[in-house]
1. Which residue is nearest to the other protein chains (Cβ to nearest Cβ), if the candidates are limited to segment B:232-277 and must be touching a residue at least 60 places away in the same chain (Cβ under 8 Å) and over 24 Å from residue B:199 (Cβ atoms)?
2. I'd like to verify a number: residues in segment B:278-293 that are outside any loop (DSSP other than H, G, I, E, B) and within 13 Å of another protein chain (Cβ to nearest Cβ), how many?
3. Residues to consider are A:60, A:33, A:71; find the one that is within 16 Å of DNA strand D (Cβ to nearest atom) and part of a helix (DSSP H, G or I).
4. Looking at A:315, A:308, can you tell me which residue is more than 14 Å from chain B (Cβ to nearest Cβ), out of contact with any helix residue (DSSP H, G or I) (no Cβ under 9 Å at 6 or more places or on another chain), farther than 27 Å from residue B:233 by Cα and part of a helix (DSSP H, G or I)?
5. Sort through A:135, A:174, A:105, A:130 and tell me the only one that's in contact with a helix residue (DSSP H, G or I) (Cβ under 8 Å, 6 or more places away or on another chain), crowded, with 19+ Cβ neighbours inside 10 Å, in contact (Cβ under 8 Å) with a residue 12 or more places away in the chain and within 14 Å of chain B (Cβ to nearest Cβ).
6. Exactly one condition in (1) more than 15 Å from DNA strand D (Cβ to nearest atom); (2) more than 27 Å from residue A:71 (Cα to Cα); (3) out of contact with any strand residue (DSSP E or B) (no Cβ under 7 Å at 6 or more places or on another chain) is not met by residue B:44; state its number.
7. Looking at segment B:33-40, can you tell me whether even one residue there is within 12 Å of another protein chain (Cβ to nearest Cβ) and within 16 Å of DNA strand C (Cβ to nearest atom)?
8. So, of the residues in segment B:16-30 that are outside any helix (DSSP H, G or I) and more than 8 Å from DNA strand D (Cβ to nearest atom), which turns out to be nearest to the other protein chains (Cβ to nearest Cβ)?
DNA sequence: CTCGCACATGTGAGCGCTCTCCAACAATCC
DNA sequence: GGATTGTTGGAGAGCGCTCACATGTGCGAG
């Protein structure tokens with residue numbers, strides 16, 4: 001036991017605060033103060049410490065800091081279908097907005113939607129000691145789970161929320177759908193068909209609701225509703241069914257990808273867009289301007305949504321009880337896939 | 001100061017190992033053993049501990065564990081343009097493959113590509129104590145940065161790599177481009193035009209290279225090259241220029257989104273696809289089957305790529321010096337946007 | 001009946017940081 | 001000139017875990 005206490009330890013440990021302190025000729029506490037921008041350090045001391053930090057390539061150990069402070073500076077986010085336009089935009093926006101607010105954002109994607117998968121995702125985030133969780137899964141089950149889950153940290157919902165709901169940010173899907181449907185009805189169409197998203201997705205349900213209400217408000221009966229699954233392929237199938245019904249002169253499709261399929265099916269069936277049939281999409285993906293014809297669609301400001309979600313998070317974190325933000329309003333982009341109802 | 005030492009401390013701390021140990025009537029070490037599946041625990045003790053864990057809702061503190069072990073079980077990933085199909089698929093695949101291999105994956109997206117932004121991203125990952133980093137930015141600068149950066153942890157490249165490169169997984173872009181170009185040349189076209197991606201992206205450069213070589217191999221001169229930026233909009237601009245040149249009968253477009261733009265421009269110029277002009281894309285995004293006409297394109301197995309990248313990471317982590325995997329081969333999907341060269 | 005050896009469990013140090021206290025010293029006041 | 005500030009610095013505990021070790025059993029062998 002005497003003598004050589006194992007010094008030559010193969011892999012060199014990274015420098016610690018003590019090493020920096022020793023090199024700068026101060027105590028570890030002073031180094032800590034410098035790192036945390038405390039004003040209680042003389043300028044030349046601060047510089048000496050900084051020099052030591054650079055020389056050693058010191059980097060503060062986040063785990064130790066977290067252990068001591070119990071604050072991770074990290075927000076978790078759970079998302080599904082990250083390959084889809086909306087979810088991926090929201091994830092990017094939350095990450096960006098979080099960063100602006102001084103938080104790191106960890107995104108965990110759920111592949112198969114199930115209660116277990118969601119719980120799992122939340123568990124993984126909890127393991128990372130996140131201070132709050134943003135759930136951006138606009139699925140009914142997710143909504144329920146979030147509300148039932150009683151976590152010691154704030155959980156905010158992004159997307160698929162109801163107006164006035166606390167701890168929830170969103171874009172008014174019902175309003176967006178009404179915008180789209182009203183545009184068609186205003187153009188003289190007697191009714192509008194709808195290609196919907198999967199019904200267990202709250203957004204799909206809300207868009208459907210808006211479409212229905214737009215008709216109701218005018219005392220009209222809505223056209224046929226054909227279910228899809230967000231994919232272009234399902235839109236194509238729906239489009240083929242719609243093309244057979246010659247009384248349909250206008251279609252509101254729940255997202256742009258499906259609208260692409262609808263457009264193709266209509267085209268193949270020899271029905272002209274917008275001459276015979278008008279089509280409106282939802283999402284304004286960058287490609288939709290280059291469809292044939294370029295697609296009238298509803299645009300949502302995802303970046304703003306991300307910012308609102310983070311704003312809620314920050315407010316909740318700073319003690320506010322059940323912070324609320326208003327739903328954002330989507331915008332209709334009129335392009336060339338819509339026109340007046342055909343005469344007759 | 002006597003008496004009531006602040007016991008009613010508002011926010012209750014989450015239970016620690018010691019709490020579990022006390023409840024189960026064992027020492028904290030035994031709890032640790034149970035948590036780490038040590039065989040040195042009697043069955044009934046193990047059950048008692050488990051019961052205590054459940055009762056208390058105990059969850060192991062990852063920061064403390066990391067501090068003690070110096071192993072985070074986390075892999076970092078830096079990605080850019082997560083809204084694009086390829087990058088987003090790769091991110092998902094790496095996350096999934098990492099999870100299978102027992103690692104958590106942290107993705108940090110870079111918005112503006114710059115050396116500083118990349119360094120920043122790496123810094124953020126380092127702060128999370130990742131054990132390795134996967135860089136999935138197929139940009140020349142990223143490639144350089146990664147090779148110059150000398151980190152104490154393994155860094156593997158995914159996408160935009162050269163054959164035989166160590167610590168790098170990829171899909172052979174040159175081969176993919178040759179596949180596409182040869183398909184057109186085989187169909188009798190005398191030369192093929194190319195709408196390329198931004199030239200500082202290695203993938204764009206490699207696809208361009210494959211297109212060039214395919215001509216070379218037959219002693220042909222390549223058609224005009226028009227630069228794009230991956231967006232449908234830039235593809236549209238390129239398509240308009242190409243449509244003016246009546247000698248062009250075939251176009252290889254560096255990705256599907258730009259191909260959509262090309263298709264539209266060609267259509268507007270009255271040039272029939274594939275009657276007058278054949279078009280091939282790259283990526284096989286789910287929508288490309290529903291373009292007008294449905295797009296012949298090159299498909300890449302991103303999931304496999306993710307798995308290979310993680311495989312490299314794991315091998316490097318387990319001490320292998322400079323592990324290598326082979327480039328994967330992409331596949332040509334022939335659909336209806338390509339046909340024989342027009343007579344004349 | 002002691003020894004030894006497997007197994008099962010407990011003890012204590014230390015990971016790198018932040019926090020709460022306390023010490024040293026200069027400048028200021030009555 | 002001694003008490004009173006304010007400024008700058010240091011010492012030490014403790015966050016919750018894992019590690020290396022010490023300890024306490026039971027049981028067959030010498």
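None of the figures in this text is laboratory data; all of them are computed from the coordinates on show. Since we're looking at a predicted model, the values are computed, not measured. Using ideal geometry, Cβ is built from the backbone for each residue, glycine included, and neighbour counts are taken over all protein chains shown.
1. B:273
2. Qualifying residue count, segment B:278-293: 6.
3. None of the others qualify; the one that does is A:33.
4. A:315
5. The unique qualifying residue is A:105.
6. Unmet condition: (1).
7. No, every residue in segment B:33-40 fails to be within 12 Å of another protein chain (Cβ to nearest Cβ) and within 16 Å of DNA strand C (Cβ to nearest atom).
8. The first filter runs over segment B:16-30 and keeps only residues outside any helix (DSSP H, G or I), leaving B:16, B:25-27.
With the extra rule that they be more than 8 Å from DNA strand D (Cβ to nearest atom), the set shrinks to B:25-27.
Details: B:25: 27, B:26: 23, B:27: 21 Å.
Checked segment B:16-30; the qualifying residue nearest to the other protein chains (Cβ to nearest Cβ) is B:27.
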